[in-house]
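Student: Could you have a look at this structure, given as C-alpha cells, before my questions?
The values are calculated or read from the model by the stated rules, or taken from the named source; none is laboratory data. Predicted, not measured: the structure shown is a model, and the values here were computed from it. Here the Cβ positions follow ideal geometry from the backbone for every residue, glycine too, while neighbour counts run over all protein chains shown.
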Amino acid sequence: MSNNVARHLLTDSGLEISSLEQALGQIHRHDTDYADLYFQSSQHESWVLEDGIIKEGSYNIERGVGVRAISGEKTGFAYSDEISPAALDKACKAARTIAPAGGTHQVRGLSQGSYPTRYEQDNPILGMAEAEKVALLKAVDAYVRKQEPGINQVVVSLTGVYEEVLVAASDGTLATDVRPLVRLNCSVLLESGDRRERGGAGAGGRHTYSFFSSDENGRPVYEQLADDALHMARVNMQAIASPAGTMPVVLGSGWPGVLLHEAVGHGLEGDFNRKGASTFSGKMGQQVAAKGVTVVDDGTMQDRRGSLSVDDEGTPTQRNVLIEDGVLTGYMQDKMNARLMGVKPTGNGRRESYAHLPMPRMTNTYMLGGQYDPQEIIKTIDRGIYAPNFAGGQVDITSGKFVFSSAEAYLIENGKITAPVKGATLIGNGPEVMQKISMIGNDVALDRGVGVCGKDGQSVPVGVGQPTLKIDELTVGGTA
Amino acid sequence: MQIEQQIAEIQNVVDDVLKMAVGKGATQAEASMSKVQGIAVSSRMKEVENVEFTNDGGLGISVYVGKHKGSASTADLSTQALALTVEKAIDIARYTSEDPCTGLADEQLMATEFPDLELYHPQDLDPQHAMRVAIDAETAALEYDPRIVNSDGASYNANLGMRVYGNTHGINAGYPSSRYSLSCMMIGAQGDDMQRDYAYTVSRKPDGLKAAAEVGSEASEATVSRLGAQKINTANVPVLLHKDVASSLFGHYVSAISGGSLYRRSSFLLDKLGEQIFPEWLNIEEKPRLKGGLASSNFDAEGVVTRDLNVVENGRLAHYLFTTYSSRKMGTTSTGHAGGIHNWIIGDTGHSDADLLQEMGTGLLVTELMGQGVSVVTGDYSRGAAGFWVENGIIQYPVHEITIAGNLKQMYANIRAIGRERDVRGGVQTGSVLIDNMKIAGN
C-alpha cells in the first residue's frame, strides 16, 4: 500500500488504520452486513485556448470521505467534505441509521491485498510546468492554422486530474490507488458562405501530459488529433442529407464501440439484472448475439482511460468476458449486487467521488476482432451507411432501445463509399442488433480515450472499442 | 443556526477571500459559494433501498490581474484550502493571455435590490417522512395495473441550501432556497415486451408536490400505455411534442441565441436579430423574479441584475442572451444570462391537449426523446423517439424505435400550435408543441 496515500488521506488528518477499524466497528453496532469508508482527494486543472490566446485556466481541489452501511438490500450513506475523526464519526452514525441498533457482525482486521498497478503514478498537474502546458496548447493551434490558413475558430483544451483514494471495508479490504487522467481536445469550425461545420477530436488516458507530444506512427499525438478534427469539419462541409429508414450500416473501428456500450454494456450491469429490470435479465448462458461476437470489459488495460488498478470498493479489476461467441457469459458486478446474486465481484464497483454511492459500471468495453478485411465488408453492401465516427448515445435498458449519433458518415452505394452525409441518430434494439451483426472486421481498436459514461447522475471515465462491423439492419434517422 | 446567520457567515468568507485576492495582486475578483444539505431516499418494491445524507458545498473564485484571468475552486472550505485556492487562481492568471474582454461585469449592472422571491420553504430533513412518501408512490404504482410487474423504484429528495455571490465592485449578496422532488419509475410487461416509464413532481415547497399516489399512478399509466409498441414506416408527418418533452426544443433555442455560440460563430441563428424565427403568434417571456420559480433569481452568476425580457416578440428573435464576456466580444452589454436563463414562459394558441390531437389529425405524438443528435451550429436535428400513432385525433397504438428529424430553423417556423396546459417543472414552461412536416425514420 502506498504510504504516501495513507499519510495524505489519514495521518495528516489525525487518523490511523486503527481509527478506521473503530469507525467500521461503530457501524456494525447496528444490524449491518457490510460497511466501507472511501477517502479521496483530487486535484483537477483545465486550460483553454481560443481565438489564439490562452483564455481560461482553472484549478479545483476536493477532499472528503464517504461512509456506506449495507443491511440486506438497504444502503445508508453519508459523506463529509472534511476528513477528521469527528467528521468520520458523524458520517458513520448517520449511515448506520439504515439498520436498527444491535449488530452481530465483526469487522475483519484490515489488511492490504496485492495487485498490479495499471498506470503511471505521477501527478500530471505537477509533472509539467505551466509554461509548457501553455506551449502545448499553442502548438496545437499553430498546427491547425498551418493546415487551414483561413480558419477562424480553433478551440483547444487540456485537462488533468490527479486522485488519491483509500478504501477500507468491514470485510477486511484495505486498498489505495493513485489515479492520473489527462485529456486534450481540439475543436475547429470551418465556414464557406453561409455554411458552417464543426469538427472535433480528443485523446487521453491515465498518463502524464507528455503523452500528447509523444510519437504515434512518427508524429505527435496532438497533430493527429488536429488532423482528425479538421477532417471531420471538411467532410461535413460536403455532407448531403442523410437517408431515413432501415438499412445496412457499417460501423468503423474504435470509438463507434459506443454501440456496444449502449446496446449491451449497460444491460449487463449487475444491479439492473438483480432487479430484473434489464432486457438481458435471466439470459445467462443464452445466445444473445450473433455467433462470432465476443465482448469483454477489461479494467486492467495499461494506461487506458477506463482502467483501474482496484475499483472503488478495493476489488482488483480484471478482464471479464461478457459475451463469448454470442453467448451471455457474465455480468459486471460490485460487491453488493454480487453478494445478492451469489457470484463474485468483478472489479466493476465504481463511483464518481466520495460523495456518490458505488454501482456496477463499465471500465473499457470492447468487441474482439474477427476475420474480415474492412474493405471486404463494404463491398457486400448495395445501399447503406458507413459511419466511422460518433457523438454520444443513450439506452433504455428495460426495452433495450438505444440511440447513438453519427458525427461523420458516408453513403455506401454498390459496394463503394461515396458521398458524405450529415450526422444522424441511429436507433435500434440492443438484443436484436447484436443478432444482426453479420461481419466482424480484423481491425479491432480502442477509442483514443475520451469516453464519459453517465448513470444515475454519476459520471465516470470509460473506454470503448470494436473492429469494423456490419449490421444488417439499423434505423438511420436522416431527413432524405 | 438561523439561515440568515449562516448566509452572513458565508458572506464573510466571500469577503475574506476577495480581500485575500486583492492582497495578492488581483485588480478585480469575484467569488461564489454555495452550501446544500439534503436527503435522498429511495424505495424499491415497497422496501427502503437507499438513504443518503447529502452535504455539498464549495467556493469558486475568479481573479483578474489586469486583463489576465485565473479561476480556482474548492470543496474543502478550511482556511488553508481557501488560501491555496486564491493563490492558485492568481498563479493561473500569470499564464493566461491578456484579453481585452475579460473582467468583472460593469459596475452599473450590479443588482442592488434583493426582494424575497419565496424560494426558501424549509422543512426538517426527515428520512422517515421521505421513506413514507417514496413507498406510498410505489404502492399506488404497483397496484395500478396487473401488467406492472416490477419497479425501478421511487425516490424522494429534499434539499435546503444557500448561494452567495460577491465581487470587488462591492456586491455581496446571498439567498436561501429549497427544492423537493418525488419520482417513480415502473416496469410493465406483456408477453415478451418489457417497458418502463416514469413520473415526477418538483417544487420549492414541500406541499407543492403532487400527491405520492398520483405520481405513482402516473408512472404506471405511462408504462402500461407503452406496452405493445410498434415501429412505423418512414414518412413525413406532423409531430406533437408532449409538454413533458417539449421544453428541450426551446433549450436548443437558448443555446443558439447565447452569446457564447454567437461570438464563436457556432450558431444557426447568427446574424438573425429581429428576424422572424417562429410563427407570428408566438411570444416568449422571461420572468426572472417569478415567486417560488424553479429558475428565479435577482441576479445572475456575475451579479448582474435580472430583468423581465420579451425574448421572442411576434415570432421574432428580439434578444440574444449575453454574459459579460460574450457581450464584450459582440460589442454590446450583458443581459444577465451568466449561468443560464430564468423562467421562460412559452406563449400558446389556447388549445387543450385534446384539441391539439384533433388539430394534428393524423401524425405522431412524441412522449420520449433520446440521444443528443442536435447541432446548434447547423440546426440539424435527429433524435430517437417513442410515443403514439394518432389518426383523426385519436391515439391508435404506442410507437417506438423510430427517429424524428429535420432542421430547427424549419421546425421553429413550422410550429402550428402550442397547448395552454404547461409543464412547470423546469426553467422553460411550455405546453405541448405541434410541428408540421417532420421526417420519421422507421421501417
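Student: Scan segment B:394-414 for residues that are surrounded by fewer than 22 Cβ atoms within 10 Å (Cβ to Cβ), touching a helix residue (DSSP H, G or I) at 6+ places or on another chain (Cβ under 9 Å) and more than 25 Å from A:Leu474 (Cα to Cα) and report the count.
Tutor: Of the residues in segment B:394-414, 2 are surrounded by fewer than 22 Cβ atoms within 10 Å (Cβ to Cβ), touching a helix residue (DSSP H, G or I) at 6+ places or on another chain (Cβ under 9 Å) and more than 25 Å from A:Leu474 (Cα to Cα).
Student: Run down A:Phe390, A:Phe404 and say which single residue is surrounded by 23 or more Cβ atoms within 10 Å (Cβ to Cβ), assigned to a strand (DSSP E or B) and more than 8 Å from chain B (Cβ to nearest Cβ).
Tutor: Working: A:Phe404 fails: more than 8 Å from chain B (Cβ to nearest Cβ).
Answer to the selection: A:Phe390.
Student: Taking the options A:Glu223, A:Glu262, A:Glu269, name whichever one is surrounded by 24 or more Cβ atoms within 10 Å (Cβ to Cβ) and at pLDDT 95 or above. Break it down into steps so the answer makes sense when it comes.
Tutor: Values: A:Glu223 fails: surrounded by 24 or more Cβ atoms within 10 Å (Cβ to Cβ); A:Glu262 fails: at pLDDT 95 or above.
Criteria check complete, one pass: A:Glu269.
Student: Mind listing just one residue for me: the one in segment B:379-407 that is within 9 Å of chain A (Cβ to nearest Cβ) and of a type in the set (S, T, N, Q) and, of those, farthest from B:Thr234 (Cα to Cα)?
Tutor: Taking the candidates together, the pick is B:Asn407.
Student: Could you identify the single residue in B:Thr96, B:Thr102, B:Thr79 that is buried (at least 21 other Cβ atoms within 10 Å of the Cβ), out of contact with any helix residue (DSSP H, G or I) (no Cβ under 8 Å at 6 or more places or on another chain) and either touching a residue at least 24 places away in the same chain (Cβ under 8 Å) or more than 8 Å from every other protein chain (Cβ to nearest Cβ) (or both)? Walk me through it before giving the result.
Tutor: Details: B:Thr102 fails: out of contact with any helix residue (DSSP H, G or I) (no Cβ under 8 Å at 6 or more places or on another chain); B:Thr79 fails: buried (at least 21 other Cβ atoms within 10 Å of the Cβ).
B:Thr96 is the lone residue from the list that is buried (at least 21 other Cβ atoms within 10 Å of the Cβ), out of contact with any helix residue (DSSP H, G or I) (no Cβ under 8 Å at 6 or more places or on another chain) and either touching a residue at least 24 places away in the same chain (Cβ under 8 Å) or more than 8 Å from every other protein chain (Cβ to nearest Cβ) (or both).
Student: Give segment A:59-79 a look and list any residue that's surrounded by 22 or more Cβ atoms within 10 Å (Cβ to Cβ) and of a type in the set (S, T, N, Q), or say none.
Tutor: Listed by number, the list holds a single entry, A:Thr75.
Student: Follow-up question, since we're still on this one. Which of the residues that make up segment A:134-156 are under 15 Å from A:Cys186 (Cβ atoms) and not aliphatic (A, V, I, L, M)? Outline the logic, then answer.
Tutor: Here is the first cut: in segment A:134-156, the residues under 15 Å from A:Cys186 (Cβ atoms) are A:136-148, A:151-156.
Answer for segment A:134-156, where residues must be under 15 Å from A:Cys186 (Cβ atoms) and not aliphatic (A, V, I, L, M): A:Lys138, A:Asp141, A:Tyr143, A:Arg145, A:Lys146, A:Gln147, A:Glu148, A:Asn152, A:Gln153.
Student: Looking at A:Asp228, A:Asp303, A:Asp297, which one is assigned by the TED database to the domain that holds A:Ile377, on the phi < 0 side of the Ramachandran plot and among the acidic types (Asp, Glu)?
Tutor: A:Asp297 is the lone residue from the list that is assigned by the TED database to the domain that holds A:Ile377, on the phi < 0 side of the Ramachandran plot and among the acidic types (Asp, Glu).
Student: Can you find even one residue in segment A:39-52 that is farther than 30 Å from B:Tyr64 by Cβ and either modelled with pLDDT of 95 or more or not in a strand (DSSP E or B) (or both)? Reasoning before the result, please.
Tutor: Initially, segment A:39-52 is screened for residues farther than 30 Å from B:Tyr64 by Cβ, giving A:39-40.
Right, trim to either modelled with pLDDT of 95 or more or not in a strand (DSSP E or B) (or both) and you get A:39-40.
Yes - at least one qualifying residue is present in segment A:39-52.
Student: Given the structure, is B:Ser177 crowded, with 20+ Cβ neighbours inside 10 Å, assigned to a helix (DSSP H, G or I), touching a Lys or Arg at 6+ places or on another chain (Cβ under 9 Å) and among the small types (Gly, Ala, Ser)? Lay out the reasoning, then the answer.
Tutor: Working: crowded, with 20+ Cβ neighbours inside 10 Å: yes; assigned to a helix (DSSP H, G or I): no; touching a Lys or Arg at 6+ places or on another chain (Cβ under 9 Å): yes; among the small types (Gly, Ala, Ser): yes.
The answer is no for B:Ser177.
Student: Of the residues A:Gly113, A:Gly109, A:Gly160, A:Gly102, only one is buried (at least 16 other Cβ atoms within 10 Å of the Cβ) and either in contact (Cβ under 8 Å) with a residue 12 or more places away in the chain or in contact with a Ser or Thr (Cβ under 8 Å, 6 or more places away or on another chain) (or both); which?
Tutor: On the way: A:Gly113 fails: buried (at least 16 other Cβ atoms within 10 Å of the Cβ); A:Gly109 fails: buried (at least 16 other Cβ atoms within 10 Å of the Cβ); A:Gly102 fails: buried (at least 16 other Cβ atoms within 10 Å of the Cβ).
Step by step, each of A:Gly113, A:Gly109, A:Gly160, A:Gly102 is checked, and only A:Gly160 is buried (at least 16 other Cβ atoms within 10 Å of the Cβ) and either in contact (Cβ under 8 Å) with a residue 12 or more places away in the chain or in contact with a Ser or Thr (Cβ under 8 Å, 6 or more places away or on another chain) (or both).
Student: What residue, among those in segment B:32-51 that are within 23 Å of the chain's Cα centre (by Cα) and of a type outside the set (Val, Ile, Thr), is farthest from B:Ser73 (Cα to Cα)? Break it down into steps so the answer makes sense when it comes.
Tutor: Step one: of segment B:32-51, the residues within 23 Å of the chain's Cα centre (by Cα) are B:32-42.
Retained after the next criterion (residues that are of a type outside the set (Val, Ile, Thr)): B:32-35, B:37-38, B:40, B:42.
Numbers: B:Ser32: 9, B:Met33: 9, B:Ser34: 12, B:Lys35: 14, B:Gln37: 19, B:Gly38: 22, B:Ala40: 25, B:Ser42: 31 Å.
Of everything passing the filter in segment B:32-51, B:Ser42 is farthest from B:Ser73 (Cα to Cα).
Student: For segment A:204-226, which residues satisfy the criterion of being under 19 Å from A:Glu130 (Cα atoms) and part of a helix (DSSP H, G or I)?
Tutor: Start the filter on segment A:204-226 by keeping residues that are under 19 Å from A:Glu130 (Cα atoms), which leaves A:204, A:207-214, A:222.
Within segment A:204-226, A:Tyr209, A:Ser210, A:Phe211, A:Phe212, A:Ser213, A:Tyr222 qualify.
Student: Name the helices (runs of 4 or more DSSP H) wholly within segment A:57-163 that hold at least 2 residues that are of a type in the set (Val, Ile, Thr) and touching a Phe, Trp or Tyr at 6+ places or on another chain (Cβ under 6 Å)? Can you show your working first?
Tutor: Details: elements: A:85-95, A:124-127, A:130-147.
Because the criterion is at least 2 residues that are of a type in the set (Val, Ile, Thr) and touching a Phe, Trp or Tyr at 6+ places or on another chain (Cβ under 6 Å), the helices (runs of 4 or more DSSP H) in segment A:57-163 that meet it are A:130-147.
Student: For the structure I just gave you, tell me whether A:Ser58 is within 8 Å of another protein chain (Cβ to nearest Cβ) and under 30 Å from B:Arg94 (Cβ atoms). Explain how you work it out, then say what you get.
Tutor: Working: within 8 Å of another protein chain (Cβ to nearest Cβ): yes; under 30 Å from B:Arg94 (Cβ atoms): yes.
Yes, satisfied.
Student: Which numbered condition in (1) under 26 Å from the mean Cα position of the chain (by Cα); (2) not in a loop (DSSP other than H, G, I, E, B) is the only one that B:Leu119 fails?
Tutor: (2)
Student: Oh, and also: Can you pull out the residues in segment A:170-193 that are touching a residue at least 60 places away in the same chain (Cβ under 8 Å) and either among the basic types (Lys, Arg) or not in a loop (DSSP other than H, G, I, E, B) (or both)?
Tutor: Quick first cut of segment A:170-193, residues touching a residue at least 60 places away in the same chain (Cβ under 8 Å) only: A:170-181, A:183, A:185.
Within segment A:170-193, A:Thr173, A:Leu174, A:Ala175, A:Thr176, A:Asp177, A:Val178, A:Arg179, A:Pro180, A:Leu181, A:Arg183, A:Asn185 meet the criteria.
Student: Is segment A:416-425 home to any residue that is outside the structural domain of A:Arg179 (by the TED database), at pLDDT 95 or above and not in a strand (DSSP E or B)? Step through it out loud before you land on a result.
Tutor: To start, the set of residues in segment A:416-425 that are outside the structural domain of A:Arg179 (by the TED database) comprises A:416-425.
Going one step further and asking which of them are at pLDDT 95 or above, we end up with A:416-421.
Filter again for not in a strand (DSSP E or B), leaving none.
No, segment A:416-425 contains no residue that is outside the structural domain of A:Arg179 (by the TED database), at pLDDT 95 or above and not in a strand (DSSP E or B).
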